[in-house]
1. Treat each spin label as a single point 7 Å out from the Cα along the C-beta direction, and report the residue A:58 to residue B:26 distance in nm.
2. Can you tell me the length gained on complete extension of the stretch residue B:9 to residue B:252, counting 0.36 nm per residue apart and subtracting the Cα distance?
3. For residue A:91 and residue B:245, FRET efficiency with R0 = 45 Å and r from the beta-carbon atoms, rounded to 0.05?
4. Quick one, what does Rg over Rh come out to for region B:139-214 if you take C-alpha atoms and the Kirkwood Rh?
5. Simple spin-label model, 7 Å along Cα-to-Cβ: residue A:38 to residue B:212 in nm?
6. For chain A, modelled as a GNM with alpha-carbon contacts under 10 angstrom, which of A:67, A:20, A:30 fluctuates the most?
7. Using 0.36 nm per residue of separation minus the Cα-Cα distance, give me the extension gain between residue B:54 and residue B:90 in nm, one decimal.
8. Which residue, A:124, A:25, A:58, has the most motion in a Gaussian network model of chain A that connects Cα atoms within less than 10 Å?
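All of the numbers you see were taken from the coordinates with simple rules; none came from a lab. All values derive from a computational prediction rather than experimental measurement. All Cβ positions, even for glycine, are placed from backbone atoms using ideal geometry, and neighbour counts span all protein chains on display.
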């Protein structure tokens, strides 16, 4: 299957197979006017199978979201048809308005304007906790 | 340190400093009688409280300062829908330091993030209650003379008992301590306290439902109340509220130098007859709480440049 190369835009590559749609939703790519392609289960030399997202526009992408969902992914910035930057990702220390705290006793449950902030408390097990009530994200 | 939200905001050196200051206040109260002259403490209590609010207010008065107060959400702008963040910004204009109690977890952090004066968490729902822990620590220090090599039993509501979580956090920073967690199955310590504090630091602990089986080995027995206000379901509260009642008979099995502590108020988890036992420390805890709050107010106001 062929998807045209993009001239100016962003390619999120090496996404763990099956995580592409989750990233698409969390990054809000459905709200963009430009072309966005999701390739699922592409053959990968590194991973066997992978997902790829191609965004046909130079938009800023939230690297924290990608790092949280899939720190093994790579973000490639394409300009004039050439790869100009390749960004490696890590688990972000803090996530702002990516996850929602589900604890009904948390202050975020009643203060509508408050950012939902989670911090990485256990890197090994990828545990994030709400900074307000310490509830674990799931 | 601008504010105190969680007991872990204080280093162990800072805790030592607060304890030394509290001891000095106890020994030389006159020295501190004008220390906060002309300064105002705002006590914002959006949840019922007797001792914590009075303790803060007594502390500020004994330092020569003044107090302005809000009690209950119904009598404040919160009833009109004002956010905690806006309340913090507004109250900062009137006062030098804020102590806040709020039923929602994290409300004190939101206050600190928005206030321009130091903020003290006086209890945010079931989350943290660091100044109670300061009272507990001064009591342990005065009763035991050390923070190390203690077998600390905590008994009752360990799920919603914020004082327990803070105490475990604080005491797990000292060497040689181990914890005995005594509770009904439904009110066990949350997994994050076990995993992130006890297991991560390799601190020995055991969980049990049987208080009497562990009584002989305890150096400290920290009793807690099953809190009606933490339950969504009244039936669960009624079923669990009398799980543990400490009596003079049960204390016969305990060490002669056991320290029986309780953050108060008690309902019936400690029999009134225990009050006469020299091992009962819970009313000393109340007094110690006032001294530690005095020490904390002094520290925060000094660090904010509001007093010398």
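1. 6.8
2. Details: separation 243, 0.36 × 243 = 87.48 nm, distance 3.85 nm.
Once the chain is fully extended between residue B:9 and residue B:252, it gains 83.6 nm.
3. Computed FRET efficiency for residue B:245 and residue A:91: 0.40.
4. 0.94
5. Modelled inter-label distance: 6.1 nm.
6. A:30
7. Numbers: separation 36, 0.36 × 36 = 12.96 nm, distance 2.28 nm.
Residue separation times 0.36 nm, minus the Cα-Cα distance, leaves 10.7 nm.
8. Evaluated over chain A, the most mobile residue of the options is A:124.
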